Amino acid sequence: MDDLPGCLSRRDVLIASAGTAAMTAVDGAEAAGPALPPTMARVALEVNGKSHTVDVDTRTSLLDLLRERLQLTGTKKGCDHGQCGACTVLLDGRRINSCLTLAVMHPGAKVTTIEGLGTPARMHPLQAAFVAHDGYQCGYCTPGQICSAVGMLDELKQGMPSHVTADLAAKPLLSAEELRERMSGNICRCGAYSNIAEAITRVAGGAA
Amino acid sequence: MKAFSFERARTPAEAAAAVAQRPDARFIAGGTNLLDLMKLQIEAPTHLVDVNALGLDRIEATRDGGLRIGALVRNSDLAADAAVKRDYPVLSRALLAGASGQLRNRATTAGNLLQRTRCAYFYDTAQPCNKRRPGSGCSAIGGVSRSLAVIGGSPACIATHPSDMAVAMRVLDAEVETVAPDGQTRRIPIADFHKLPGDTPHVEHGLAHGELITSVLLPPPVAGVHVYRKVRDRASYAFALVSVAGILQRDGTGRLAFGGMAPKPWRVEAAEPALGQGLRAFFGQAFASAKPTDDNAFKLPLAERTLAGVLQAAKGAS
């Protein structure tokens, strides 16, 4: 493209818009103080039974560590704000949102992702049940749904109550109402909920 | 997210001192609220002090017959604790009404008290917000204010406190125990813990910079029917429009606190004796200073009707 007098070249426009973006970002930063250069830290943890030692930018979420550094892309990034549940993994056996925790907060932790639950040849019972009951459409929320269901069934086994548990003193059973409440942190944009509920119920051995 | 340095504290005093040394340092425990805000650059600490290894994760009986809840006890563990379920069921119920299973597994007792408002204008960094940027103005007043405060707000801010747990803590007369950077400890009654906005809505509590919550203390159990009822736009995993925490007696008296109505859990002890004269008398006193907007005026009748449901349920259970 020729640079004509009085006209902005494409390159000039790009430079100008980059400047605007930078100014917007500065204006949007609410806390005062100079920006720090990235800080690196070493974290050693176990993922799916395998030990890893990784140098990460302190800002790295556990989710980004799994996906970007360990290439375990089964765990999905949906909202990145703890609202959708697509990033659900098991941390020391308990389900959490891996997007809302930092990798550096978990030295020595044991993380289980969808890849660690089963393989295509040897599926976890919940993976097999999701296939059998067609518990998905696009599949993006599925790894989070399955990891969440594993954690949820363990919580139920431990007798942990939920919002819909009528009697806090009694051992909760997996009714349809309990299942819906306990899985409410996992959103399925395709709306495959009825089949997801069937798959989990099959594995739990209850009646939904 | 802005870059930050990171350290893991080994003792509460060390953690307090580490944060006190730097004006832009923050504690991080569960991280479920702080990291969300950091991603949006609403919070931009330059240093994080991880308090997860401090051992403040136990629930113990106190000598006076109450309960000491470590600051790091996760919301799911607190809700499922045998003593809490038996003696303080209003607290279990409030915790279980909040967030999702995944979030409750990380979110901590102290972090829940310190979580920040979900006012949409606080979250939108393109809009003025006195809480986020003091002196910039309030976009919520005159904006979309359906979910915001009907009482306790000010011309500078009408944000609500989002916690369910804190509403139950208020009705239980909990105390917040802290350690300061100089090693001094103190106890703050939950009634005084959260601040109303006035003309400083960015000041949400009275903790000094570097002062660390170490535990929350519950007095001996209060007999009566414990109820927590939450009304929200979805059946699960949503913040309260209105919630009611109550400990109610057979004779119709009791303690009541409200969530979703104010910048802090709303309890008016002086109005509680009026419960004997009926719901109307109590509610009129407890919300006498309400200043709702056109958008959120519905919360007053909604709260009154929710309370009617709570009183009825308590009568049936006692």
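Would you calculate the separation in nanometres between label points at B:Gln41 and B:Lys195, each defined as 7 Å from the Cα along the Cα-to-beta-carbon direction?
2.7 nm
From the Cα gyration tensor of the stretch B:146-213, with a ≥ b ≥ c the square roots of its eigenvalues, which class applies: rounded if a/c is under 1.5, or else prolate if a/b is larger than b/c, or else oblate? Show your work: numbers first, answer last.
On the way: a/c = 2.85, a/b = 1.54, b/c = 1.86.
Since a/c reaches 1.5 but b/c is at least a/b, the shape of the stretch B:146-213 is classed as oblate.
Taking R0 as 30 Å, what's the FRET efficiency between B:Ala297 and A:Arg189 from their Cβ-Cβ distance, rounded to 0.05? Numbers along the way, then the final one.
On the way: r = 34 Å, r/R0 = 1.14.
Computed FRET efficiency for B:Ala297 and A:Arg189: 0.30.
Residue by residue, what Karplus-based ³J(HN,Hα) values in Hz, rounded to whole numbers, does the stretch B:177-185 have, using 6.51, -1.76 and 1.60 with θ = phi - 60° and x for Gly and Pro?
Couplings: 9, 10, 10, 8, x, 8, x, 5, 10 Hz.
I'm checking a number: the convex hull volume of the Cα atoms of the stretch B:46-131, normalised per residue, in Å³. What is it?
Details: hull volume 12.7 nm³, N = 86.
Given the Cα convex hull of the stretch B:46-131, per-residue volume reads 147 Å³.
Mind giving me the FRET efficiency for B:Ala308 and B:Arg63? R0 is 41 Å, r the Cβ-Cβ distance, nearest 0.05 is fine. Before the final figure, lay out each step's value.
Details: r = 40 Å, r/R0 = 0.96.
With R0 = 41 Å, the Cβ-Cβ based efficiency is 0.55.
Show the residues, 5+ positions off or on another chain, whose built amide H is closer than 5 Å to the amide H of A:Val111.
Hits under the 5 Å cutoff: A:Glu46, A:Val47, A:Asn48, A:Gly49, A:Asp92.
Using +1 at the C-beta of Lys and Arg and -1 at the C-beta of Asp and Glu, which of A:Ala169, B:Leu256, B:Thr46 has the Cα lying farthest in the positive direction of the dipole of the protein assembly as shown?
The residue sitting farthest along the positive end of the dipole is A:Ala169.
Working from the pairwise distances between different alpha carbons, so that the mean of 1/r is found and then inverted, what is the stretch A:46-164's Kirkwood radius in Å?
Numbers: mean 1/r = 0.0679 Å⁻¹.
Answer for the stretch A:46-164: a Kirkwood hydrodynamic radius of 14.7 Å.
FRET efficiency for A:Glu68 and B:Gln249, Cβ-Cβ distance as r, R0 = 51 Å, nearest 0.05?
Values: r = 57 Å, r/R0 = 1.12.
Computed FRET efficiency for A:Glu68 and B:Gln249: 0.35.
Amide H neighbours of A:Ser61 under 5 Å, counting only residues 5+ apart in sequence or on other chains, H built in-plane at 1.01 Å?
Close amide H contacts, sequence-distant or interchain: A:Ala103.
For A:Val89, list long-range residues whose amide hydrogen, built 1.01 Å from N in the peptide plane, is under 5 Å from its own amide hydrogen.
Amide H to amide H, under 5 Å and 5 or more residues apart or across chains, A:Val89 pairs with A:Ile96, A:Ser98.
Over every pair of different alpha-carbon atoms in the stretch A:137-208, take the mean of 1/r and invert it; report that Kirkwood radius in Å. Don't skip to the end; give the middle numbers.
Numbers: mean 1/r = 0.0801 Å⁻¹.
Result for the stretch A:137-208 stands at 12.5 Å.
Which value, in Å to one decimal place, does the Kirkwood hydrodynamic radius take for chain B when every pair of different Cα atoms is included?
Details: mean 1/r = 0.0500 Å⁻¹.
In chain B this quantity evaluates to 20.0 Å.
State, in angstrom, two size descriptors of the protein assembly as shown derived from its alpha carbons: Rg to one decimal place and Dmax to the nearest whole number.
Spelled out, the Cα radius of gyration and Dmax of the protein assembly as shown are 24.1, 88 Å.
Determine the principal axes of the Cα atoms in the stretch B:179-265, then give the extent along each, sorted from largest to smallest and rounded to whole angstroms.
46, 33, 25 Å, listed from the longest principal axis down.
What whole number of Å gives the distance from the Cα centroid of the stretch B:263-318 to the Cα centroid of the stretch B:1-77?
35 Å
Enter the buried accessible area of the B/A pair, total of both sides, probe 1.4 Å, in Å² rounded to the nearest 100. Spell out each step's value before the answer.
Working: alone 14190 and 12580 Å², together 22890 Å².
Approximately 3900 Å² gets buried when B meets A.
The values are calculated or read from the model by the stated rules, or taken from the named source; none is laboratory data. Quick caveat: nothing in here was measured; it's all calculated off a predicted structure. We place every Cβ from the backbone using ideal geometry, glycine too, and count neighbours over all the protein chains shown. Just the protein is used for accessible areas: all its heavy atoms, side chains included, with ligands, DNA and RNA removed. Shrake-Rupley method; radii C 1.70, N 1.55, O 1.52, S 1.80 Å.
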